1. I need the calculated FRET efficiency for the pair Lys257 and Glu279, taking r as the beta carbon distance and R₀ as 25 Å, to the nearest 0.05.
2. Rounded if a/c is under 1.5, else prolate if a/b is larger than b/c, else oblate: which is the stretch 228-288, with a ≥ b ≥ c the root eigenvalues of its Cα gyration tensor?
3. Once you order the gyration tensor axes a ≥ b ≥ c over the Cα atoms, which shape class does the stretch 202-263 get: rounded for a/c under 1.5, otherwise prolate or oblate by comparing a/b with b/c?
4. Compute the label zone of Lys128 within the stretch 87-107: residues whose backbone N is under 11 Å from the point 7 Å along Cα-to-Cβ.
5. At a Förster distance of 35 Å, what's the computed FRET efficiency of Lys85 paired with Asp236, Cβ-Cβ distance as r, to 0.05?
6. Under the classification rounded if a/c is under 1.5, otherwise prolate if a/b is larger than b/c and oblate if not, where does the stretch 105-183 fall, given a ≥ b ≥ c as square roots of the Cα gyration tensor eigenvalues?
7. To the nearest 0.05, how large is the calculated FRET efficiency for Ser196 and Ser101 if R₀ is 25 Å and r is the Cβ-Cβ distance?
8. Under the rule of at least 5 residues apart or a separate chain, name every residue whose amide H is placed under 5 Å from the amide H of Phe201.
Amino acid sequence: MNKKQNLYFLGFILMAVVMFLGFWGVRISQDYYSAFVTARGNKSEAVEQIQGFGYPSDEIQYLRPWLEKVDSFRNSSLQDTIVIKASDGAGLSAYYYDMGSDTTVLVLHNFNSDGNGDFYFAPYYAEKGFNVLFTESRGFGNSGGSYIGYGFFEKNDLKDWIQCLIERNGQNHKIIIHGEGMGAAAAIMASGEGLSGNVKFIVAESVYASLDGLAKYLLKESFGLPPFPVKNMIDDKMKKNAGYTCKDVNVITYAKKGSIPALFISGSADTVVPQEMSEQVYDAYAGEKEYLLVEGAGHGAIVPYGEELCTELMDHYIQYYLQ
């Protein structure tokens, strides 16, 4: 084979590799776009692949007493289903546990949950006698909407829920916002845009600094995929269909304008949203703030590993900001 033939052969091989990677990237990006961005994608299958969302059997046994407390709260309280229309016309659903209190805890769930999920703080808030509103983010549970926004859309939906509570309970009604993961991101982003004075403080569990950084981290650590070109292809699909990209969900940018008092909580064993991400948001947050790191706690399991620390700090926030 002469030199010219060698060049043709190498060119053919290179072209074949590029075509393979292109087809592979398109297929992979389409699968993950469908699971993580479209409202009716296969979320359960996606969640199973993310290390830290699921718990090993021995940890499930450890968490069981807290799961039973959550079940007891839900079973012993009257639940009212509320449906509102978001500012863009999407129907949003929530479950309301009305205790007749002048304070409601507005819960914003994580990606692996919905309005019926295991919210370990529920028994604590119930003991305080507060109402609890379990919202369902667009694309989850009974809520409408075509795309998941990871805070991009949900920050505006949060304002609609706040207005709903004020209309239902009066202009002087007090509200605590408690968000987990993407729910925490929505809360901090909404605070940066300005919220009603009815919101007394925010609890942000395991908040990520940006969707761009989180996507790159999870693609590499949980899925074993190169962020480039997979994330770039996902971004292209997101921009074309949903109207935003991962870079548009920069929580730190909003945190710099945050004004509502906020309590940031993360776990040292969180492999979904590493504590460093939450610390970055905490450092950037402009409003009054405190940070609690619970040793040994994984994603979504803060209370079982740090109940005493959490309740002590929560008691302080309630006493100081609700008076």
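Where a number appears in this text, it was derived from the coordinates with a stated rule and is not lab data. Bear in mind that the values here come from a model prediction, so they are computed numbers and not experimental data. For neighbour counting, all protein chains shown are included, and Cβ atoms are generated from backbone atoms with ideal geometry for every residue, glycine included.
1. Numbers: r = 19 Å, r/R0 = 0.75.
Given R0 = 25 Å and the Cβ-Cβ separation, E is 0.85.
2. Oblate.
3. On the way: a/c = 3.22, a/b = 1.65, b/c = 1.95.
Oblate, since a/c reaches 1.5 and b/c is not below a/b.
4. Residues 103-106 fall inside that zone.
5. Values: r = 31 Å, r/R0 = 0.87.
My answer for the efficiency is 0.70.
6. oblate
7. Values: r = 18 Å, r/R0 = 0.71.
Between Ser196 and Ser101 the formula returns 0.90.
8. Long-range HN contacts for Phe201: Ile177.
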